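Engineer: Let me give you the structure first, and then I'll get to my questions.
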Amino acid sequence: YSFDDAPVGDTPEEKGEAKALLGGKGAGLAAMTAAGLPVPPGLTVTTEACLAYRRHGSVFPEGLWSQTREALHGIEEATGKRFGDPENPLLLSVRSGAAVSMPGMMDTVLNLGLNDETAAGLAAQTGDERFAFDAYRRFVAMFGEVVMGLDGARFERVLDRAKAQTKGGRDTDLSPDQLRDVVARSKRLVFGDQHGTPFPDDPEEQLRQAIAAVFRSWDNDRARAYRRVHRIADDIGTGVTVQAMVFGNMGWDSGTGVAFTRDPSTGENELYGEYLLNAQGEDVVAGTRTPKPIAGMADDLPETYEEFREIAGRLEAAYSDVQDVEFTVERGTLWLLQTRTAKRSGAAAVRVAVDLVNEGVIDRAEAVRRVAPGALDALLHPTVDPEAEVEVLVEGLPASPGAATGRAVFTSDAAEAAAAEGGAVILIRQETSPDDFDGLVAAQAVVTARGGMTSHAAVVARGMGTPCVAGADALRIDAAQGRLTAGGHTVVAGDWLTVDGATGRVLLGQVPTVEPTLGDDFHTLMGWADDARRLGVRANADTAEDAAQAREFGAEGIGLCRTEHMFFGDERLAAVREMILADGSGAREAALRRLLPLQRADFDGIFRAMDGLPVTVRLLDPPLHEFLPDLLELTGEVAELKMALKGAETLAEMDRLLDASDTARALLRQVERLQESNPMLGLRGCRLGLLYPEITQMQARAVFEAAADCAADGVDVQPEIMVPLVSVAAELADQEAVVRAVADDVFSERGGAIDFLVGTMLELPRACLTAGEIAEHAEFFSFGTNDLTQTTFGLSRDDAGRFLSAYVDRGVLSDDPFQTLDQEGVGELVRLGTDRGRAARPALKVGVCGEHGGDPASVAFFHRAGLDYVSCSPYRVPVARLAAAHAAL
Ligand code: ADP
Ligand code: MG
Ligand code: MG
């Protein structure tokens with residue numbers, strides 16, 4: 001399709017179809033052309049053609065070439081130039097563009113159509129030999145790299161050697177003859193490397209090869225990696241846009257730039273971007289020269305700047321969203337090269353959504369839809385503690401907000417390796433290329449020495465909510481040696497750094513960070529989300545502090561309070577061990593009596609923090625040996641005591657050592673006795689309570705006594721006791737009886753009663769299948785989707801790490817089922833359990849308390865399955881609220 005007869009679409013639906021067919025870039029260019037904006041003429045090869053090419057073993061589908069030729073005639077007519085004509089050559093850019101924007105992931109070739117004859121013609125025609133041969137050497141290098149697959153650094157070296165022979169050392173200092181020489185050497189590079197295949201001089205051949213290369217780039221490693229992380233389908237393909245070149249490198253009244261209609265970091269309503277005079281677009285995007293802020297264009301090219309501002313406003317209005325616009329100025333004439341919906345930080349997404357509602361551009365529901373739940377992550381991220389003493393290593397551009405601490409690494413491979421071991425790293429690069437994508441994903445934060453706010457690193461980091469400082473040009477990086485220097489400091493790989501993406505500072509050492517304060521826009525948007533959602537959102541919290549934090553984030557209760565977390569800490573652990581190791585129930589009860597006041601105090605704090613909201617308390621769940629010392633360590637200790645005994649010199653010492661050794665050996669025997677070959681499926685959950693009812697009694701007593709104390713102070717307490725790991729209804733019946741008996745005791749001791757619920761966790765397939773019988777004893781269900789995933793797949797979460805990623809990489813599983821709910825399998829059990837449970841007890845409350853409660857895709861599923869609430873960690877609560885609203889809209 002030529003830009004001027006490509007489908008554009010009127011309705012949002014038609015526009016979506018046009019985008020799917022032409023790719024975002026092609027569709028945007030066609031729409032701008034239709035709106036009468038200045039766009040260099042061009043054509044777009046459809047995504048369908050790309051898919052056909054892929055399907056048919058890399059051959060052009062029939063008619064592709066003839067139709068391209070035909071549309072090319074249109075470009076020739078519109079420009080008055082001819083492709084391959086030495087007198088008046090038409091040069092082309094060949095650009096990729098899928099329906100979903102993947103910045104920098106696929107390839108672009110500029111200045112296509114040059115050979116010795118057309119380059120000479122271009123020189124004669126423009127009267128600018130230097131310009132013509134600069135374009136030519138760029139073309140050879142880009143074609144060599146992108147189409148022929150040569151290492152781009154080798155072309156750089158050819159150029160660098162030539163630059164070294166000039167006085168100024170910049171590429172603008174090269175004479176036409178030197179540029180001619182660079183071209184010749186670059187071509188020889190191709191010839192040598194391709195085993196004697198000459199550089200294609202025929203423009204048509206160049207075009208054919210370039211289109212095929214763009215098709216192929218859809219399947220390159222970095223594009224695949226990007227799609228995996230951003231969950232973009234592999235089978236939508238890319239469009240190929242072939243467009244007449246305009247030249248930003250024709251002198252100092254020419255230039256090129258990228259601008260956002262609003263600030264993509266903060267959302268402020270102000271034109272934001274960068275430009276370079278006398279440069280081609282790649283110079284800005286690739287970050288090889290650090291560009292100037294767009295406001296400077298008002299001085300350099302005042303009229304063009306005004307025109308651009310006006311057009312930017314029109315584009316934003318037409319798309320009713322912030323646009324990211326690429327433009328080039330050729331000898332004072334403005335040309336638009338791309339417009340797309342701007343990627344933005346979480347903070348900007350929220351602010352823009354709220355502002356656009358206030359400006360009357362979109363409604364509230366649309367505003368809620370516009371903010372991806374995951375984008376809130378960045379908003380909830382820490383910033384550098386303003387009180388902290390900091391030593392600044394270097395300052396750069398604040399390219400992506402958030403603060404992070406980690407150890408310095410200088411290559412993406414090192415970042416990946418360290419992250420795989422669970423280490424926090426800061427990736428430091430001269431500039432990033434799309435090959436660094438995996439490293440960017442692995443790193444806590446990214447720092448680059450070159451490139452601006454729209455450089456690759458900056459765009460990718462913002463999209464992922466990773467803090468980024470870009471263009472820190474005082475950095476001297478020696479990646480090979482793994483070291484850098486700046487401002488008199490030297491940092492070597494492994495040193496700690498802190499990145500403050502909000503201010504653009506890189507700090508030495510581990511600097512404390514503080515939690516974010518959420519602004520008015522955030523609360524406004526979340527209020528709209530709450531109006532829209534049906535699903536309740538609770539938090540998983542085990543302490544009064546976490547509970548308070550969760551409440552601040554909008555949690556409507558606690559969906560999971562894990563009581564075993566209260567058993568850690570020296571004093572408590574000693575009592576817990578005593579309880580576990582007790583010989584008879586008498587001794588056990590004595591130990592439990594020591595635990596009772598501690599647990600009661602914990603519940604007291606939580607109930608007060610959650611005044612007026614329900615709190616689900618789960619009875620003890622993990623296998624008991626988790627509270628005991630490690631078997632190996634203990635064995636070592638026993639052996640050491642034995643050695644010490646041999647060397648004992650006094651009787652008293654011997655006595656003491658014998659005692660210690662007896663105790664240690666008794667402990668060792670106990671630990672051995674409790675050892676299980678598969679603890680995940682062993683004596684844990686309600687099975688503990690069944691064997692040792694005293695534990696359940698103590699926990700229930702702690703809950704009810706705390707509840708009674710709070711109620712006496714006027715606190716509205718709503719306890720819900722949850723029995724874990726039930727597979728048989730009778731297990732729950734047993735534990736329910738224990739809990740209710742304790743409640744009766746406590747309430748009669750204290751006088752008065754408190755409403756409470758008894759329910760269970762559904763985390764075993766058998767429980768889901770027999771949910772009807774279980775519901776007869778349960779007033780609520782909470783799906784423990786972590787265990788339910790383990791037991792449904794028969795896959796141990798602790799061991800799956802080794803192979804699950806291979807499953808996802810090979811597409812055996814579309815996602816890690818521990819992160820995103822497996823809807824067909826585990827989800828089916830959730831549906832079934834809910835339906836059978838509700839059939840038996842219509843008033844049954846049903847929630848979810850696994851990790852999945854904070855995962856947007858899973859939340860959408862739980863909404864559809866008709867659950868009452870999800871429960872997730874406090875920091876995921878806003879994410880879950882927004883995801884629940886998206887699901888309902
Ligand atoms: P990406 O998708 O990576 O942004 P583009 O296809 O937009 O790649 O091309 C990269 C850059 O090349 C653009 O930002 C623009 O500056 C330059 N460019 C592309 N087409 C043309 C053209 N027709 N004339 C001048 N410059 C162009
Ligand atoms: Mg672009
Ligand atoms: Mg569990």
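Engineer: Based on this model, can you work out whether Ala729 counts as within 23 Å of Gly850 (Cβ to Cβ) and touching a residue at least 24 places away in the same chain (Cβ under 8 Å)?
Structural biologist: Numbers: within 23 Å of Gly850 (Cβ to Cβ): yes; touching a residue at least 24 places away in the same chain (Cβ under 8 Å): yes.
It is true that Ala729 is within 23 Å of Gly850 (Cβ to Cβ) and touching a residue at least 24 places away in the same chain (Cβ under 8 Å).
Engineer: Would you check if there is a residue in segment 508-525 being surrounded by 22 or more Cβ atoms within 10 Å (Cβ to Cβ) and either touching a Ser or Thr at 6+ places or on another chain (Cβ under 9 Å) or in a loop (DSSP other than H, G, I, E, B) (or both)?
Structural biologist: Initial filter on segment 508-525 (surrounded by 22 or more Cβ atoms within 10 Å (Cβ to Cβ)): 525.
Filter once more, keeping what is either touching a Ser or Thr at 6+ places or on another chain (Cβ under 9 Å) or in a loop (DSSP other than H, G, I, E, B) (or both): none.
So far as segment 508-525 goes, no, none of its residues is surrounded by 22 or more Cβ atoms within 10 Å (Cβ to Cβ) and either touching a Ser or Thr at 6+ places or on another chain (Cβ under 9 Å) or in a loop (DSSP other than H, G, I, E, B) (or both).
Engineer: Six or more apart or on different chains, Cβ under 6 Å: which pairs go from a residue in segment 335-364 that's polar (S, T, N, Q) to one that's in a strand (DSSP E or B)? Could you list them?
Structural biologist: Gln338/Glu326; Thr339/Gln323; Thr339/Val325
Engineer: Could you say which residue among Leu114, Leu72, Leu37, Leu43 is part of a helix (DSSP H, G or I), surrounded by 15 or more Cβ atoms within 10 Å (Cβ to Cβ), in contact (Cβ under 8 Å) with a residue 12 or more places away in the chain and within 16 Å of ligand 1 (Cβ to nearest atom)? Can you show your working first?
Structural biologist: Numbers: Leu114 fails: part of a helix (DSSP H, G or I); Leu37 fails: part of a helix (DSSP H, G or I); Leu43 fails: part of a helix (DSSP H, G or I).
None of the other options fit; the residue is Leu72.
Engineer: Can you find, within segment 15-30, the residue that is nearest to ligand 1 (Cβ to nearest atom) among those that are crowded, with 24+ Cβ neighbours inside 10 Å and within 20 Å of Ala312 (Cβ to Cβ)?
Structural biologist: Lys25
Engineer: Within the group Ala120, Ala52, which residue is more than 23 Å from Arg188 (Cα to Cα) and more than 16 Å from ligand 3 (Cβ to nearest atom)? Full working, then the answer.
Structural biologist: Numbers: Ala120 fails: more than 23 Å from Arg188 (Cα to Cα).
Just one listed residue meets the conditions, Ala52.
Engineer: Could you tell me which residue of segment 460-490 is farthest from Arg289 (Cα to Cα), considering only residues that are surrounded by fewer than 24 Cβ atoms within 10 Å (Cβ to Cβ) and of a type in the set (Val, Ile, Thr)?
Structural biologist: Result: Thr490.
Engineer: How many residues does segment 82-97 contain that are more than 13 Å from ligand 1 (Cβ to nearest atom) and not in a strand (DSSP E or B)?
Structural biologist: Number satisfying all stated conditions: 5.
Engineer: Got a number for residues in segment 774-823 being aromatic (Phe, Trp, Tyr) and either without any contact (Cβ under 8 Å) to a residue 24 or more places away in the chain or within 16 Å of ligand 2 (Cβ to nearest atom) (or both)?
Structural biologist: At the first step, the residues of segment 774-823 found to be aromatic (Phe, Trp, Tyr) are 780-781, 783, 793, 803, 807, 818.
Checking the rest, the ones that are also either without any contact (Cβ under 8 Å) to a residue 24 or more places away in the chain or within 16 Å of ligand 2 (Cβ to nearest atom) (or both) come to 803, 807.
Summing the residues that are aromatic (Phe, Trp, Tyr) and either without any contact (Cβ under 8 Å) to a residue 24 or more places away in the chain or within 16 Å of ligand 2 (Cβ to nearest atom) (or both) in segment 774-823 gives 2.
Engineer: Using the structure shown, decide if Ala591 is in contact (Cβ under 8 Å) with a residue 12 or more places away in the chain, part of a helix (DSSP H, G or I) and either on the phi > 0 side of the Ramachandran plot or of a type in the set (A, V, I, L, M, F, W, C) (or both).
Structural biologist: For Ala591, the condition - in contact (Cβ under 8 Å) with a residue 12 or more places away in the chain, part of a helix (DSSP H, G or I) and either on the phi > 0 side of the Ramachandran plot or of a type in the set (A, V, I, L, M, F, W, C) (or both) - is met.
Engineer: Another question about this same structure. Against the definition (assigned to a helix (DSSP H, G or I), surrounded by 23 or more Cβ atoms within 10 Å (Cβ to Cβ) and within 15 Å of ligand 1 (Cβ to nearest atom)), how does Ala78 come out, yes or no? Break it down stepwise before answering.
Structural biologist: Numbers: assigned to a helix (DSSP H, G or I): yes; surrounded by 23 or more Cβ atoms within 10 Å (Cβ to Cβ): no; within 15 Å of ligand 1 (Cβ to nearest atom): yes.
The answer is no for Ala78.
Engineer: Report whether or not Gln735 is surrounded by fewer than 22 Cβ atoms within 10 Å (Cβ to Cβ) and away from ligand 2 (no atom under 16 Å from the Cβ).
Structural biologist: Numbers: surrounded by fewer than 22 Cβ atoms within 10 Å (Cβ to Cβ): no; away from ligand 2 (no atom under 16 Å from the Cβ): yes.
Considered against the rule, which asks whether it is surrounded by fewer than 22 Cβ atoms within 10 Å (Cβ to Cβ) and away from ligand 2 (no atom under 16 Å from the Cβ), Gln735 comes out as no.
Engineer: When segment 714-757 is examined, which residues are found to be under 16 Å from Gly784 (Cα atoms) and assigned to a strand (DSSP E or B)?
Structural biologist: Within segment 714-757, Glu720, Ile721, Met722, Val723 qualify.
Engineer: Inspect all residues belonging to segment 355-365 and state whether any of them is surrounded by 22 or more Cβ atoms within 10 Å (Cβ to Cβ) and of a type in the set (Val, Ile, Thr).
Structural biologist: Checking segment 355-365: not a single residue is surrounded by 22 or more Cβ atoms within 10 Å (Cβ to Cβ) and of a type in the set (Val, Ile, Thr).
Engineer: Considering only segment 6-20, I want to know if a residue exists there that is outside any helix (DSSP H, G or I) and of a type in the set (S, T, N, Q). Let's see the steps before the verdict.
Structural biologist: Step one: list which residues in segment 6-20 are outside any helix (DSSP H, G or I), which gives 6-11.
Still in the running and of a type in the set (S, T, N, Q): 11.
Yes, some residue in segment 6-20 is outside any helix (DSSP H, G or I) and of a type in the set (S, T, N, Q).
Engineer: Just one of the numbered conditions (1) more than 24 Å from the chain's Cα centre (by Cα); (2) buried (at least 24 other Cβ atoms within 10 Å of the Cβ) is not true of Ala457; which one?
Structural biologist: Failing condition for Ala457: (1).
Table: residues versus (1) within 16 Å of ligand 3 (Cβ to nearest atom); (2) buried (at least 22 other Cβ atoms within 10 Å of the Cβ); (3) not polar (S, T, N, Q).
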residue: Arg188; (1), (2), (3): no, no, yes
residue: Arg224; (1), (2), (3): no, no, yes
residue: Gly239; (1), (2), (3): no, yes, yes
residue: Val246; (1), (2), (3): no, yes, yes
residue: Ser254; (1), (2), (3): no, yes, no
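Engineer: Determine if segment 50-65 includes at least one residue that is free of Cβ contacts under 8 Å to residues at least 40 places away in the same chain, closer than 21 Å to Met102 by Cβ and small (Gly, Ala, Ser).
Structural biologist: yes
Engineer: Then there's this: Could you tell me whether Glu749 is more than 16 Å from ligand 1 (Cβ to nearest atom), out of contact with any Ser or Thr (no Cβ under 7 Å at 6 or more places or on another chain) and without any contact (Cβ under 8 Å) to a residue 24 or more places away in the chain? Working first, answer last.
Structural biologist: Numbers: more than 16 Å from ligand 1 (Cβ to nearest atom): yes; out of contact with any Ser or Thr (no Cβ under 7 Å at 6 or more places or on another chain): yes; without any contact (Cβ under 8 Å) to a residue 24 or more places away in the chain: yes.
Considered against the rule, which asks whether it is more than 16 Å from ligand 1 (Cβ to nearest atom), out of contact with any Ser or Thr (no Cβ under 7 Å at 6 or more places or on another chain) and without any contact (Cβ under 8 Å) to a residue 24 or more places away in the chain, Glu749 comes out as yes.
Engineer: Sticking with this one: Could you please find all residues in segment 64-79 being over 12 Å from Tyr1 (Cα atoms) and either β-branched (Val, Ile, Thr) or at pLDDT below 95 (or both)?
Structural biologist: Thr79
Engineer: Given the options Gly97, Gly84, Gly104, name the one that is at pLDDT 95 or above and away from ligand 3 (no atom under 16 Å from the Cβ).
Structural biologist: Numbers: Gly97 fails: at pLDDT 95 or above; Gly104 fails: at pLDDT 95 or above.
Just a single option satisfies the conditions, and that option is Gly84.
Engineer: Right, another one. Would you tally the residues in segment 539-589 being closer than 19 Å to Glu851 by Cβ, among the charged types (D, E, K, R) and out of contact with any strand residue (DSSP E or B) (no Cβ under 8 Å at 6 or more places or on another chain)?
Structural biologist: Number satisfying all stated conditions: 1.
Engineer: Does Gln206 satisfy the criteria of being in contact (Cβ under 8 Å) with a residue 24 or more places away in the chain, among the polar types (S, T, N, Q), closer than 30 Å to Ala52 by Cα and in contact with a strand residue (DSSP E or B) (Cβ under 9 Å, 6 or more places away or on another chain)?
Structural biologist: On the way: in contact (Cβ under 8 Å) with a residue 24 or more places away in the chain: yes; among the polar types (S, T, N, Q): yes; closer than 30 Å to Ala52 by Cα: yes; in contact with a strand residue (DSSP E or B) (Cβ under 9 Å, 6 or more places away or on another chain): yes.
It is true that Gln206 is in contact (Cβ under 8 Å) with a residue 24 or more places away in the chain, among the polar types (S, T, N, Q), closer than 30 Å to Ala52 by Cα and in contact with a strand residue (DSSP E or B) (Cβ under 9 Å, 6 or more places away or on another chain).
Engineer: Which of the residues belonging to segment 161-186 are touching a residue at least 60 places away in the same chain (Cβ under 8 Å) and buried (at least 19 other Cβ atoms within 10 Å of the Cβ)?
Structural biologist: First, the residues of segment 161-186 that are touching a residue at least 60 places away in the same chain (Cβ under 8 Å): 172, 183.
The one that is touching a residue at least 60 places away in the same chain (Cβ under 8 Å) and buried (at least 19 other Cβ atoms within 10 Å of the Cβ): Val183.
Engineer: Name the residue, out of Glu77, Glu87, that is in contact with a helix residue (DSSP H, G or I) (Cβ under 9 Å, 6 or more places away or on another chain), in the same structural domain as Thr126 (by TED's automatic domain parsing) and among the acidic types (Asp, Glu).
Structural biologist: Numbers: Glu77 fails: in contact with a helix residue (DSSP H, G or I) (Cβ under 9 Å, 6 or more places away or on another chain).
Unique residue meeting the criteria: Glu87.
Engineer: Another question about this same structure. Yes or no: segment 355-366 includes at least one residue that is at pLDDT 90 or above, of a type in the set (Lys, Arg) and under 25 Å from Val859 (Cβ atoms).
Structural biologist: As a first pass, look at segment 355-366 and keep what is at pLDDT 90 or above: 355-366.
Remaining after also requiring of a type in the set (Lys, Arg): 364.
Imposing the further condition that a residue be under 25 Å from Val859 (Cβ atoms) reduces the set to 364.
Scanning segment 355-366 turns up at least one residue that is at pLDDT 90 or above, of a type in the set (Lys, Arg) and under 25 Å from Val859 (Cβ atoms).
Engineer: Restricting to segment 780-811, name every residue that is within 22 Å of the chain's Cα centre (by Cα) and either more than 23 Å from Arg231 (Cβ to Cβ) or not in a helix (DSSP H, G or I) (or both).
Structural biologist: Correct list: Arg802, Arg810, Gly811.
Engineer: Continuing with this model, one more query. Going residue by residue through segment 70-77, is there one that turns out to be away from ligand 2 (no atom under 16 Å from the Cβ), more than 36 Å from the chain's Cα centre (by Cα), of a type in the set (Asp, Glu) and more than 23 Å from Thr241 (Cα to Cα)?
Structural biologist: From segment 70-77, those away from ligand 2 (no atom under 16 Å from the Cβ) are 70-77; that's our starting set.
The next check asks that each one be more than 36 Å from the chain's Cα centre (by Cα); those that pass are 70-77.
Still in the list and also of a type in the set (Asp, Glu): 70, 76-77.
Going one step further and asking which of them are more than 23 Å from Thr241 (Cα to Cα), we end up with none.
There is no residue in segment 70-77 that is away from ligand 2 (no atom under 16 Å from the Cβ), more than 36 Å from the chain's Cα centre (by Cα), of a type in the set (Asp, Glu) and more than 23 Å from Thr241 (Cα to Cα).
Engineer: Of these, Leu560, Leu573, which one is part of a helix (DSSP H, G or I) and in the same structural domain as Ala883 (by TED's automatic domain parsing)? Give the derivation first.
Structural biologist: On the way: Leu560 fails: part of a helix (DSSP H, G or I).
Leu573 is the lone residue from the list that is part of a helix (DSSP H, G or I) and in the same structural domain as Ala883 (by TED's automatic domain parsing).
Engineer: Restricting to helices (runs of 4 or more DSSP H) lying wholly in segment 220-319: which have 2 or more residues that are within 12 Å of ligand 1 (Cβ to nearest atom) and charged (D, E, K, R)? Steps first, please.
Structural biologist: Details: elements: 221-230, 281-285, 297-300, 302-319.
Where helices (runs of 4 or more DSSP H) fall fully within segment 220-319 and carry at least 2 residues being within 12 Å of ligand 1 (Cβ to nearest atom) and charged (D, E, K, R), they are 281-285.
The values are calculated or read from the model by the stated rules, or taken from the named source; none is laboratory data. Here the structure is a predicted model, which is why all the values come from computation and not from measurement. Note that each Cβ is placed from the backbone with ideal geometry, even for glycine, and that neighbours are counted across all protein chains shown.
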